[in-house]
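Trainee: My questions will all concern the structure given below.
The values are calculated or read from the model by the stated rules, or taken from the named source; none is laboratory data. Please read these numbers as outputs of a predicted model, since none were measured by experiment. Don't worry about glycine lacking a Cβ; one is built from the backbone with ideal geometry, like all the others, and counts go over all protein chains shown. The protein model used for the area step is the full one, side chains on, heavy atoms only, and it has no ligands, DNA or RNA in it. Shrake-Rupley method; radii C 1.70, N 1.55, O 1.52, S 1.80 Å.
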Amino acid sequence: MFLLVGICCVYSCAKEVKNVTISSPNEELNVAFFLLHDGTPCYKVLHNTKTVIDTSTLGFELKAVSPLDRNFKILKTTTNSVDETWNMPWGEQENVRNQYNELKIELQEKEALQRKLNLVFKVYDDGIGFRYEFPEQEHLKEVIITDENTEFQLTGDHTSWWIPGDWDIYEHLYTTSKISKIDALSKANHGSLAQTYIPENAVNTPFTMRTADGLHISIHEAALLDYSGMTLKVDTENLSLQSELVGSERTTYKVKRTTPFTTPWRTIQITEKATELIDSKLIVNLNEPSKIEDISWFKPMKYTGIWWEMHLGKSSWDKAAGKHGATTENAKAFIDFSAKNNIGGVLIEGWNTGWEHWIGFEDREGVFDFITPYDDYDLEEVVRYANEKGVEIIMHHETSAAIGTYDKQMDKAYKLMQDLGIHSVKSGYVGKIIPKGEYHHGQWMVNHYNNAVMKAVDYEVAVNAHEPIKATGLRRTYPNIISREGLRGQEFNAWAADGGNPSEHLPIVAFTRMLAGPVDYTPGIFNIKLTPYKENNQVNTTISQQLALYVVIYSPIQMAADLIENYEGNPALQFIKDVGVDWKQTKVLNGEVGDFVTIAREERNTGNWFLGSITDENSRELNVSLDFLAPNTTYTATIYKDAADAHWNDNPTAITIETMEVTSENTVKLKLAAGGGTAISFIKK
């Protein structure tokens, strides 16, 4: 490996004193670190010879002491090169290459307390990660951060796709705009039950942009541990971004740590093609290797469940409403359906007592019981029956954001799962956090989310969190983090006053939220118009797109979310029966942010391939080469495509299913209806 590092004086800018540079392994990305005349640390990023991130300052504001952001000198610089491959126990691919060049800069203040601060940069072919290190030191033992001032100085008025920098939820629709037009406060459009806090002109991450000359940039973070989540404050005049940490009303600071410690990585993915953003494994690579020796107890799977019927109003979570969904009888019906259709799990929501008092109440502590089922739900019998049928039960823990209650019961709740042989849980955090004044994305809650995952390891439990903290690649370190929500999910289509998620939503999500990690979007709705339960809501896609989502929107657990009666007798169900959930390799074949995307994935252990292609509100035709298939091999391709007259609103369930034999020499033409898609299974003969 060739490592290019330089240390020199820079004469083009009188304020820049010292310049330390490092390049990516392919030498196309270059990072320069330097100090301004007053000792302010800065960095700059170039792609080939073009500046992508211009001179950007780094530093912190600290409580009761002077800022840690200037008057530095460079004590020492060290470099390192790494090229390794690690195995994903489950994921989008089997093996991941982790190749980067590393630069570490050790800084010390010139005067006064001579406090120390280190910067570490890892430069990959597809982007960079950098973080701060606070070494152990006499004059800085406790670090109380009131603001982190990490700047990202952009070089143009890029097109961007963003959601507001909400401190509580990510359940917003994306806006497409120039940087100069971002007004996050007025664009808050989430329809959530929570009363959220959104700083003015702040956006959440991943924050994806496209430059005028077609370069794609996405800013996020990796390895978020014992720290506040980062949003980005937007300066629409100077076209710059600055880290804005999530705070708390219970404290006057945003992060409190004791040295030594490191911050999360600040990440900038930089690719020439939009599709290469999805290919990038920079986020997971910046996390530590797995701390779980044996994760074989978790198996990726498809699942059904008692969930969608509540959003439709067919049944309820609570028993008092008189139409309780989580009954023993109903659970067994889903188990039978799953066993018959190659679906491995069943999620049952509303099984435990407390649902009568969970939304809109201030006194939610002590309400939910994570041990005791309602009297019309025989938990042990349901688990016994599921085991008999070869189906796993997925536990559900809705906390209603009453964190004290969940923390007190967590060990008992996990122990119950362990005793019953249940290995995965969907947790929920609907509502304002209790204690009052904390936010979902602040340091206090970040620690709760992570502690819940770490404790779950002891009980062989995998966690799929809803209303979560954002994904930051920790699934590498803790592979029992299997999926999460963290976006406007499918349920908004059932009841949102704004009409649900528009057709462009998921073609944006693939290049934004999905870059962070697996998404539990709950696809597979066949009754697109939601009759007879809803009159003013529908799913704003065709049925073919609902099938394609199993391939496009990645998760190791994929729900067949609709009601049993909407699947039975529909030939499109065959794709859900066949499609894999655990992949040997992934190929992103085409795509543009917010418009369309086509992805093919090879299933582990079978050699079968599956393809999904989705589009926004515009119909389009795409020619796709099948050269990703194994050579000299014949596959039976079953194509589930929009019928000629299909349309997301006018005729969403019109689907055509064709079967043919293909090889890697073939090309297929995909004709996607407005809001439509195509799903293809390639089964080896």
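Trainee: Which aspartates and glutamates, on any chain, are close to Lys233 with Cα under 13 Å apart, when same-chain ones fewer than 8 places away are left out?
Mentor: Asp147, Glu148, Glu151, Asp166, Asp183, Glu200, Glu244
Trainee: Using helices alone, I'd like the mean residue ellipticity at 222 nm for the chain: each DSSP H run of four-plus residues gives -39500 (n - 2.57), total over residue count, nearest 500.
Mentor: -4000 deg cm²/dmol
Trainee: What whole-number distance in Å separates the alpha-carbon centres of the range 401-427 and the range 526-584?
Mentor: 29
Trainee: Please give the Cα centre distance for the range 645-685 versus the range 33-61, rounded to the nearest Å.
Mentor: Distance between centres, Cα-based: 48 Å.
Trainee: Please find the FRET efficiency linking Glu142 to Glu381, where r is the Cβ-Cβ separation and R0 is fixed at 51 Å, and quote it to the nearest 0.05.
Mentor: Approximately 0.45, to the nearest 0.05.
Trainee: Now for a different question. Quote the relative contact order of the range 175-321 in percent (integer), defining contacts as alpha-carbon pairs under 8 Å separated by 6+ residues.
Mentor: 20
Trainee: Roughly what would the spin-label model give for Thr51 and Asn80, points 7 Å off Cα along C-beta, in nm?
Mentor: 3.1
Trainee: Follow-up. Of the labelled options [x] 46; [y] 40; [z] 53, which one gives percent of Cα pairs over 36 Å apart as computed for this structure?
Mentor: Matching entry in [x] 46; [y] 40; [z] 53: [y].
Trainee: Highest mean first, how do 358-364, 100-106 rank when packing is the count of other Cβ atoms within 10 Å averaged over residues?
Mentor: My ranking of the peptides, most packed first, is 100-106, 358-364.
Trainee: Sort 332-339, 463-470 by the packing proxy (mean of other Cβ within 10 Å over each peptide's residues), most packed first.
Mentor: 463-470, 332-339
Trainee: Next question. What part of the accessible area of the range 460-564, given as a whole %, is carbon or sulfur when the probe is 1.4 angstrom?
Mentor: 48
Trainee: A further question on this structure: Before anything else, pin down the relative contact order of the chain: Cα pairs under 8 Å, at least 6 apart, normalised by residue count, whole percent.
Mentor: 11
Trainee: Using alpha carbon centroids, what distance separates the range 275-333 and the range 438-459, in Å?
Mentor: That distance is 18 Å.
Trainee: By per-residue mean of other Cβ atoms within 10 Å, what is the highest-first order of 556-563, 411-418?
Mentor: In decreasing order of mean packing, 556-563, 411-418 become 556-563, 411-418.
Trainee: Quick one: pull the percent of accessible area on the range 291-356 belonging to carbon and sulfur, 1.4 Å probe, ligands and nucleic acids left out.
Mentor: Exposed carbon and sulfur together represent 48 percent of the surface.
Trainee: Where does the range 346-497 land on the Kirkwood hydrodynamic radius, alpha-carbon pairs, in angstrom?
Mentor: About 16.1 Å for the range 346-497.
Trainee: Compute the accessible area per residue over the chain, keeping the other protein chains in place, probe 1.4 Å, unit Å².
Mentor: For the chain, the per-residue accessible area is 36 Å².
Trainee: Further question on the same structure: How many percent of the accessible area of the range 568-685 is carbon or sulfur, using a 1.4 Å probe?
Mentor: It is 40 percent, rounded to a whole number.
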